[in-house]
1. Report the label-to-label distance for residue A:116 and residue A:63 in nanometres (one decimal), using points 7 Å from each Cα along the Cα→Cβ vector.
2. Taking only Cα atoms, what is the 0 to 90° angle, nearest 10, from helix D:152-162's long axis to the longest principal axis of chain D?
3. What percentages, rounded to whole numbers, describe P(r) for the protein assembly as shown computed over all alpha carbon pairs with 10 Å bin width beginning at zero?
4. Send over the semi-axes of chain C's equivalent ellipsoid, whole angstrom and largest first, taken as the square roots of 5 times the C-alpha gyration tensor eigenvalues.
5. Using the Karplus curve 6.51 cos²θ - 1.76 cosθ + 1.60 with θ = phi - 60°, what ³J(HN,Hα) values do you get for each residue of segment C:96-110, in whole Hz, with x for Gly and Pro?
6. Does segment B:115-186 classify as rounded, prolate or oblate by the C-alpha gyration tensor (a ≥ b ≥ c root eigenvalues; a/c under 1.5 gives rounded; else a/b over b/c gives prolate, otherwise oblate)?
7. Starting from the amide H of residue A:196, placed 1.01 Å from N in the peptide plane, find each other amide H under 5 Å away whose residue is 5 or more places distant or on another chain.
8. Please work out, to two decimal places, the log10 of the ratio I(q)/I(0) at q = 0.24, 0.28 Å⁻¹ from a Debye calculation in which every Cα of segment A:1-54 carries one identical scatterer.
Protein chains: 4
Amino acid sequence: MTAPTDRRAQLAEAAFEVFTSRGYRNSAVADIVAAAGVSHGSFYNYFTNKREILDAAIDYGLESLGPQLTPPTEPAADLDEFLDAMTAPFRALHEFAMTNDRLVSLIVFDAAAIDDALTNRVIEVVESVAVDWQHQIEHGVQAGFLRPGLDAQVLGEVMVAMTLVVLLPAQGGAPLPGGLDHVISQIAEFLRAGLAAPAPHA
Amino acid sequence: MTAPTDRRAQLAEAAFEVFTSRGYRNSAVADIVAAAGVSHGSFYNYFTNKREILDAAIDYGLESLGPQLTPPTEPAADLDEFLDAMTAPFRALHEFAMTNDRLVSLIVFDAAAIDDALTNRVIEVVESVAVDWQHQIEHGVQAGFLRPGLDAQVLGEVMVAMTLVVLLPAQGGAPLPGGLDHVISQIAEFLRAGLAAPAPHA
Amino acid sequence: MTAPTDRRAQLAEAAFEVFTSRGYRNSAVADIVAAAGVSHGSFYNYFTNKREILDAAIDYGLESLGPQLTPPTEPAADLDEFLDAMTAPFRALHEFAMTNDRLVSLIVFDAAAIDDALTNRVIEVVESVAVDWQHQIEHGVQAGFLRPGLDAQVLGEVMVAMTLVVLLPAQGGAPLPGGLDHVISQIAEFLRAGLAAPAPHA
Amino acid sequence: MTAPTDRRAQLAEAAFEVFTSRGYRNSAVADIVAAAGVSHGSFYNYFTNKREILDAAIDYGLESLGPQLTPPTEPAADLDEFLDAMTAPFRALHEFAMTNDRLVSLIVFDAAAIDDALTNRVIEVVESVAVDWQHQIEHGVQAGFLRPGLDAQVLGEVMVAMTLVVLLPAQGGAPLPGGLDHVISQIAEFLRAGLAAPAPHA
DNA sequence: CATGAATGAGTGTTCATTCAT
DNA sequence: TATGAATGAACACTCATTCAT
């Protein structure tokens, strides 16, 4: 019925739907093949075990996550552009998390329960985002609009950590106080004051 | 072997060890009773099901976490005291997480996969910590050493999120760049610049 | 709290309540001791096992059944008295079964599922009732108002079997068509025609 | 070993053997699969639970019962034919019960202990037999060889009840006094006298 | 005789994985 | 490559019975 070449993709997509709606441990291989409309035995022609299709399902999910997460690679020219670039992912992540809460849950919470390989994979994604922010900050220091002496690596990770604020509401946390725009503007002001170079004396 | 009165505690402790080393879903009741040196049937004299002992195991783990987590209830008198109070939990949390990494993993990562009740419990702990920080900030604004216009609620949650920086290394993340002291001093400087009231013009 | 001498009776009564409301196999010793307000361990001071208390519970139940079941021992003097004596137990049994349906169910249906000893006990009760009816019929033949040539033993058992008609409604069967009085009068007419000696030619 | 198409039937047959020899509650799924020479897990490919295979096992047993139970559908032409038709099932039932005593026990005695659905199923079988007898009687009244004024519905149920006489010996009761033929002839005479229309005056 | 904690064999059920066709 | 029946180890949970106090 489906072209044989994308049986694997078809199964991965079905697994994504099943895993994100039931969680990894609560999902049976039988659920996945049923969702894919494929025979039970066929599963093992494409994946050696249940664990393996989890990677494929997460890949499938991440294909839509990636672009929104990455901040612009062009370094900001001045402080205002910098703040825009730093806060843009907060908005994107919040919206992504609100509409894909089960995927976030799958990646973040199921991962650690399954094995170290998956945990490390998640951590790598997180670290790579931190590095993007780190570069923005390094450039801002060099360009002179950020305070000298900033440790860009530490602050890149601080930025990553701060995204938790906009992710938690999607995972059952309290709604953002004052709404997303207000929270982002507070963060922007916090960053402006916290990171900007002191105003030169007139 | 153990005083009969705390069989329940004995089982909870064993469950804590088992859950933190294998994860909740990968642990069998048989593992717990084996670790406790108790018969299989006895388990159900003390807990009505496997889910119930998870609460007890987490309680057991949290008894040592609680005190270290809470920031001082005395409001800070000036900016330096404030920064000390704000950053102290980072050190405590880092040390706790480094020595109790499996408990953190159990609480943070297993919770969501199990129950909404447990997820909510975790979120409540987190929110309560956010509120403590929020009060510190509110007081600092009133006392005049923090910038007016700060939204203490938002920034309290930002603080909670930032703790992720010192928690991740215990969960398999990269080691803290420059060490804990360096990271904390960077955060302190960030907070000082980001939150302090502008210096009055001489 | 209770006189120690009737602990056994107290347990038997509790067992009767528990067994008749839940069935033997679905009742736990824990249920019985809870209903009796007695400690779990005490049970085995009075009964060697769960099976044994079933006998005691049935004894307890039968104490109220016995009198209503037995037809009058005085032999009937004529055909009308005979028919009254033969049909009276139908009314009694119907009423007993309607108000004690769970006991009937326990005795009749649980018995066979448990062991042959209990089955035989039930059958003995039934046979003893059959013998009572048999004697009535034998006497009627001798007195001349019943047809000669009747096999009183066979017809005694037929009478026992016929009681099933008035027992089934209590066990979930259809209600008696026309009501109990109508059914009994039909049976009486059936017996009159079926058993009476032919009217002497005038 | 067995044609794959009737694994379900194979299991049902094994369950029938197990249930009729041990009773439903005393039989484990493990016993059934062992008797069928099938793996434990296979059971749940064919039945969703233990309760479900009981229905199949009873169906299996009833396939041989059904035909013998049903009285002829052709209405009797005269009193002698009527008595033959009425008593024929007694012989059939007796023989069935003697050779299938454990099935009868399973159906009659286990049913009530299990659930209402099964109890109702048994009662429906019984009622349907009663209706067959009822029709015979109705026809006999119309044809004039049975007494007018008979309530065919009541007497149909009385007939069903009377079959108990020939069923009990298979369940551990005393043997039929005088043998089956004698008992049936006694019942036939009883019915003849009890139901026949009065002989017209010469 | 009273207690209730301890026991452990037994239950029905699930599911990832295999393999003959 | 496709299939789906077959597998069996593992699971959470029950409960009649024992026994030290």
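1. Distance between the two pseudo-spin positions: 3.1 nm.
2. For D:152-162 against chain D, the angle is about 60 degrees.
3. 2, 10, 15, 14, 11, 10, 10, 9, 7, 6, 3, 2, 0, 0, 0
4. Result for chain C: semi-axes of 41, 17, 14 Å.
5. In residue order, the calculated couplings are 4, 5, 5, 8, 10, 4, 6, 5, 4, 4, 4, 5, 6, 8, 6 Hz.
6. Oblate.
7. A:147
8. The Cα Debye sum returns log10 ratios of -0.87, -1.18.
Coordinate-derived values only; no laboratory data. Bear in mind the structure is a predicted one, so any value in this text is a computation, not a measurement. Glycine gets a Cβ as well: all are built from the backbone with ideal geometry, and neighbour counts include every protein chain shown.
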